[in-house]
Amino acid sequence: MTQKEEAWIGLFLGVPILVIPSAVAVFIAYDKGLSFAPVLMFTGTVIWGGLLWLLPYIQRQFSKDKKKIIFDERDRLIHKRAVMASYVALWIYFVAACVITWCIVGPNGSISVNVMPLTLVGGLVLFNCVQSLASFIQYRRGAEDGAR
Amino acid sequence: MAHDELKNQIRRLRFEHGEMTQQQLADKVSVTRQTIIAIEAGKYAPSLPLAFRIAHAFDVGIEEVFQYDNNFRASGD
């Protein structure tokens, strides 16, 4: 599995894998009124996310051609830039979440603590999406021609 | 990121070395074929160790594989 394929998987499989259990958990939480549901939701999301990130390593363990180079210095550079872009997006998201909340509820307002894990889940999804998109854009730009 | 200032002769050297494929060169220098494609197309500037490994794969000096375009620098200043 190449890094480009991993980026695609991260984008098109990772997001539903993260979003669907989270959405189901949120629905259950608000429907049943379970106070511990956000914690379970966050734990479940982290487990699903962890399994997703383990996928390339598991795939490589069962790969027939283990000696084949699938990650080199260019992949490392692209990955580094993608992570940097993700952190920038995460910071903007965090600032926006704080400012928008302040604007909505006002300086003397209050919000439910359930918003906290939801914000973290949102950040996780955003980080994953931006990293995948940034990786994909860089791979596409760097290998448009010359293939033979 | 385009690296127009760095020219290379990898394609010519590959054909001069028994029409070596990009995959064969990639295996020799321990990178992916996509990286060789990007370097050949001038879209990626390799690290110095990788540049040396490519030169060694062809048994030539590094300056025979990669050339720096001085005119690019002059016009960029």
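With +1 on each Lys and Arg Cβ and -1 on each Asp and Glu Cβ, how big is the dipole of the stretch B:6-76 about its Cα centre, in debye rounded to the nearest 20? Numbers along the way, then the final one.
Working: 9 positive and 8 negative charges, 48 e Å.
Around 240 debye, computed over the stretch B:6-76.
Note on residue A:76 and residue B:68: the model spin-label points, each 7 Å out from Cα along the C-beta direction, lie 2.3 nm apart.
Need one value for A:121-130: mean number of C-beta atoms belonging to other chains within 10 Å of its residues' C-beta atoms. Spell out each step's value before the answer.
Working: counts 0, 0, 0, 0, 0, 0, 0, 0, 0, 0.
Across A:121-130, the average partner-chain Cβ count within 10 Å equals 0.
When the Cα convex hull of the stretch B:6-76 is projected onto planes of every orientation, the mean area is 4.6 nm².
Values quoted throughout were computed directly from the atomic coordinates according to the rules given, and no laboratory measurement underlies them. For clarity, every value in this text was computed on a predicted model and none was experimentally measured. Note: ideal-geometry Cβ built from the backbone for every residue, glycine included; neighbour counts use all protein chains shown.
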